[in-house]
């Protein structure tokens, strides 16, 4: 069975079938990278989902901004609903690096604010890479900064198992 399966009420049309065939051919032929250009609303996300389905391989898609990455992630999730389509963007709400103004001998400390929800999405994306083989990561440029060694990441994870208790294991607080 296919790991990546496109679900849509639409079929590729216009230039899309040619773009899908060309991109699929390039990537199957050994090209490591490919660029898909098109105007807003031209169906680039739909084309990408078909190329991913044709290749049946995990994919990393880079977007220039966090906003575009989130939008593309939503669209790909709708076209590839049985696959793990995850968002990996910078978890900073804002970040100002440290600086030094030589003329006034002034040091300005780094300032930042981390968005916990986005941090959680980054961990979800990283976990998917370890646990699934049908993963599409939609990322901003923050993906080029290392998370460290995969072994360190796995060692830091905590496994939590949920199980049902038998009635004999339950104890009323009043009975003690």
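A quick yes/no check of all residues on (1) more than 21 Å from residue 62 (Cβ to Cβ); (2) in contact (Cβ under 8 Å) with a residue 24 or more places away in the chain; (3) in contact with a strand residue (DSSP E or B) (Cβ under 7 Å, 6 or more places away or on another chain):
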site	(1), (2), (3)
88	no, yes, yes
100	yes, no, yes
113	yes, no, yes
123	no, no, no
132	no, yes, yes
135	no, yes, yes
140	no, yes, no
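Which strands (runs of 3 or more DSSP E) sit wholly inside segment 85-176 and have at least 1 residues that are touching a helix residue (DSSP H, G or I) at 6+ places or on another chain (Cβ under 6 Å) and at pLDDT 90 or above? Working first, answer last.
Numbers: elements: 92-96, 99-101, 106-108, 111-114, 135-139.
Of the strands (runs of 3 or more DSSP E) lying wholly inside segment 85-176, those with at least 1 residues that are touching a helix residue (DSSP H, G or I) at 6+ places or on another chain (Cβ under 6 Å) and at pLDDT 90 or above span 135-139.
Listed here are the residues, each with its yes/no results for (1) touching a strand residue (DSSP E or B) at 6+ places or on another chain (Cβ under 6 Å); (2) assigned to a helix (DSSP H, G or I); (3) on the phi > 0 side of the Ramachandran plot.
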| site | (1), (2), (3) |
| --- | --- |
| 14 | no, no, yes |
| 19 | no, yes, no |
| 26 | no, yes, no |
| 36 | no, no, no |
| 54 | no, yes, no |
| 57 | no, no, no |
| 71 | no, yes, no |
| 82 | no, no, no |
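Exactly one residue among 42, 34 is outside the structural domain of residue 142 (by TED's automatic domain parsing), touching a helix residue (DSSP H, G or I) at 6+ places or on another chain (Cβ under 7 Å), over 30 Å from residue 113 (Cβ atoms) and surrounded by fewer than 18 Cβ atoms within 10 Å (Cβ to Cβ), and that residue is 34.
Among the residues of segment 9-17, are any outside the structural domain of residue 111 (by TED's automatic domain parsing), surrounded by 14 or more Cβ atoms within 10 Å (Cβ to Cβ) and under 26 Å from residue 120 (Cα atoms)? No, because not a single residue in segment 9-17 is outside the structural domain of residue 111 (by TED's automatic domain parsing), surrounded by 14 or more Cβ atoms within 10 Å (Cβ to Cβ) and under 26 Å from residue 120 (Cα atoms).
The values are calculated or read from the model by the stated rules, or taken from the named source; none is laboratory data. Small disclaimer: the values here were computed from a predicted structure and weren't measured. Because the Cβ atoms are built from the backbone with ideal geometry, glycine has one as well, and the counts that use them run over all protein chains shown.
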